[in-house]
1. When the residues of the stretch 191-201 are narrowed to those that are outside any loop (DSSP other than H, G, I, E, B) and of a type in the set (A, V, I, L, M), which ends up most open to solvent (accessible area, probe 1.4 Å)?
2. Can you pull out the residues in the stretch 264-280 that are part of a strand (DSSP E or B) and within 24 Å of residue 149 (Cβ to Cβ)?
3. Please tell me if residue 283 is part of a strand (DSSP E or B) and open to solvent by 30 Å² or more (accessible area, probe 1.4 Å).
4. Could you pull out the residue among 227, 173, 209 that is in contact (Cβ under 8 Å) with a residue 12 or more places away in the chain and within 25 Å of residue 139 (Cβ to Cβ)?
5. Could you list, in sequence order, all residues of the stretch 286-304 that are within 30 Å of residue 54 (Cβ to Cβ), assigned to a strand (DSSP E or B) and either at pLDDT below 95 or more than 18 Å from the chain's Cα centre (by Cα) (or both)?
6. For the stretch 84-101, how many residues are outside any strand (DSSP E or B) and at negative phi?
Amino acid sequence: MKQFWFAVSVLTGSLVYPSIAPAQPASGALLQQMNSASQTLDYEIAFISISKQGIDSSRYRHVRLGKESLAQLLQMDGPRREIVQRGNEISYFEAGLEPFTLTGDHIVDALPALAFSDYGQLAKYYDFIPVGRARIADRPSEVIRIVARDGTRYSYIVWIDEETKLPLRADLLDRDGETLEQFRVISFVASKQVEQALGGLQKAELPPLLSIPATDKVNFSWEPKWLPAGVAEVSRSRRTLPNLPLPIESRLYSDGLFSFSVNVSTSGSPTSEQFVRQGRRTVHTEIRDGREITVVGELPPSTAKRIADSIVLTRSQ
């Protein structure tokens, strides 16, 4: 696997040269500037996403029109896949599927999640460590490492363009320092001319907004007694899946950078425990007292297991 990442580095010219950086704003402030630049500037980037599963190439365009964003993500290889944002509506177009629209703040498949995180909030639980300077896409950049203080989550290294403050590269690392995923800009333009390229989207007819049924507030007979520092519950639901007669209860959690869900359902299987990790995503399952507990999300396996082990089950409601 080390050979794979070495080959990728050579292929894309990934020679990082840390150096002694001149006086810079605090790392947290620079990360917050990255957040703002990603959502307010007019720019176009071509980038690759690298994981153990392979390499994908994409083009992302973004402009700000008043208080609303207009953006387009286009997959450059294989079957055409396009995602369009207009304001708070995100429309999906993919070969063989009926187009549809969902509400959202940004296209989640484009820039890495760290580009949209609130670093004032994350500063309570993460360290932002300046690494030095480097050159990415023929641009000088500042390099910062983002590390959870309690050591229960993955970490990031991000390269931020010195002029525009846009993210040019982001490496997701496991706790052993191995690269799980990499976002890497190959070329980009930051200019008002990008608005001309997206002009047709302003009046384009987009697919209808999918209506998602409202869910009633539900109470569960279980809860986790331990969560990583800074993690909070975002939502909860009880739903029945096709071919499964019994409902699944789910809680979604996030710390503003990483997210995961805890799912509990009735099970007739004997006690067991298993986990699978694919890239950033871990699935940890265990059966206890006739219930199946599954933790799914952007967590190291040991953290997912600790959360599952902390689940306290009480009588069913």
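1. 197
2. Across the stretch 264-280, the qualifying residue is only 277.
3. Yes.
4. 173
5. Matches in the stretch 286-304: 294 only.
6. Counting residues in the stretch 84-101 that are outside any strand (DSSP E or B) and at negative phi gives 5.
Conditions tested, residue by residue: (1) within 29 Å of residue 112 (Cβ to Cβ); (2) out of contact with any strand residue (DSSP E or B) (no Cβ under 8 Å at 6 or more places or on another chain).
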residue	(1), (2)
224	yes, no
250	yes, no
254	yes, no
292	no, no
302	yes, yes
306	yes, yes
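Table: residues versus (1) within 14 Å of residue 61 (Cα to Cα); (2) outside any strand (DSSP E or B); (3) open to solvent by 10 Å² or more (accessible area, probe 1.4 Å).
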residue: 180; (1), (2), (3): no, no, no
residue: 183; (1), (2), (3): no, no, yes
residue: 189; (1), (2), (3): yes, no, yes
residue: 203; (1), (2), (3): no, yes, yes
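The values are calculated or read from the model by the stated rules, or taken from the named source; none is laboratory data. These numbers come from a predicted model, not from an experiment. Cβ: placed from backbone, ideal geometry, glycine included. Neighbour counts: every protein chain shown. Side chains included, ligands, DNA and RNA excluded: accessible areas come from the protein's heavy atoms. Shrake-Rupley method; radii C 1.70, N 1.55, O 1.52, S 1.80 Å.
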